[in-house]
Amino acid sequence: GENVEQHPSTLSVQEGDSAVIKCTYSDSASNYFPWYKQELGKRPQLIIDIRSNVGEKKDQRIAVTLNKTAKHFSLHITETQPEDSAVYFCAATGGSQGNLIFGKGTKLSVKP
Amino acid sequence: DTAVSQTPKYLVTQMGNDKSIKCEQNLGHDTMYWYKQDSKKFLKIMFSYNNKELIINETVPNRFSPKSPDKAHLNLHINSLELGDSAVYFCASSQGSVVGEQFFGPGTRLTVL
C-alpha cells in the first residue's frame, strides 16, 4: 500500500528565513497531495494542495512542488513568521479506496 | 458558525467502559471520516463513509463501530476501552467521491485510565 515519508521531523528557523519540508510517496497512482497545518491543540487545516497534473502551485508565501517521476513533493514557506510555528503534515492519496495517507509530520519552530 | 463539530471535546474514562463520540457537519458534504492521532501526532484514518455507506475500514479493532444515521452525522462507538485507545480522535468531511480538501472537527481527546 501507499507509504508517505516526511522529512525533517523537526525544523527550526529564524524569522524571515525560508523553510522547506519534503515528502516522498510510493504509489504511482497517487494524484492528490495536500499539506495541512496543525497548531498546538487545534485541528489540522489545509494550507495548500496540488494535483498530479500540476508541477507547482503558489499561494502568497507558501508554495508546493511536485515531481511525479521521483515521487516526491515539497512545501516551501518563505519569509517565515512566528505564527508559522506548527506541525505540518503532507499527505497523498493511496490505500484501497484512494483515501489520504499522512506523513508523520514536521514540527516547525520560527524563532523571532 | 461551526462547519464540523464533535462532542465531547474531552473524555476521561476507565478501562473496560463503552463510550461514544458524535460528529456533525453542516457543509453538505457527502463523505465523512474518523481519524486517530496518537501521542506522537501520527494521523491515521480509521473509517470513511460516503452517503451513509462504509467505504473505508482500515484495520481497526471491531471494538470500534461507526454509525452514520444520515450523511451529516458520523458517530463513533467504542466498546471495552483499552489504555491504547487513548488518543485524539478527529472527525472530518469532504465533498464528493473524488479526494479533495478535508475539513476537520476540533477533535476529542480520549483518556483511558
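Averaged over peptide B:41-48, the number of partner chain Cβ atoms lying within 10 Å of each residue's Cβ comes to 5.
Here the spin labels are modelled as points 7 Å beyond Cα on the Cα-Cβ line, and at A:K57 and B:L113 they lie 4.5 nm apart. A simple rule links phi to the HN-Hα coupling: the Karplus curve 6.51 cos²θ - 1.76 cosθ + 1.60 with θ = phi - 60°, which for segment A:82-90 gives x, 6, 7, 4, 4, 9, 10, 10, 9 Hz, with x for Gly and Pro. With a simple spin-label model that places each label point 7 Å from the Cα along the Cα-to-Cβ direction, the separation between B:L83 and B:N51 comes to 4.5 nm.
Bridging of B:K52 to aspartates and glutamates at a Cα separation below 16 Å is possible for B:E24, B:D30, B:D70, once same-chain residues fewer than 8 apart are set aside. Over 18 Å apart at the Cα level, from the set A:K37/A:K104; A:K37/B:K41; A:K42/B:K19; A:K22/A:K58; A:K107/B:K40; A:K42/B:K44, are A:K42/B:K19.
Take every DSSP beta bridge whose two residues both sit in the protein assembly as shown; close to 90 percent of them are antiparallel.
Listed by Cβ neighbour count within 10 Å, with the fewest neighbours leading, B:F90, B:F42 appear as B:F42, B:F90.
Laboratory data are not the source of any read-out in this text; all were calculated from the coordinates shown. Remember, it's a predicted structure, so these values are computed and weren't measured experimentally. Note: ideal-geometry Cβ built from the backbone for every residue, glycine included; neighbour counts use all protein chains shown.
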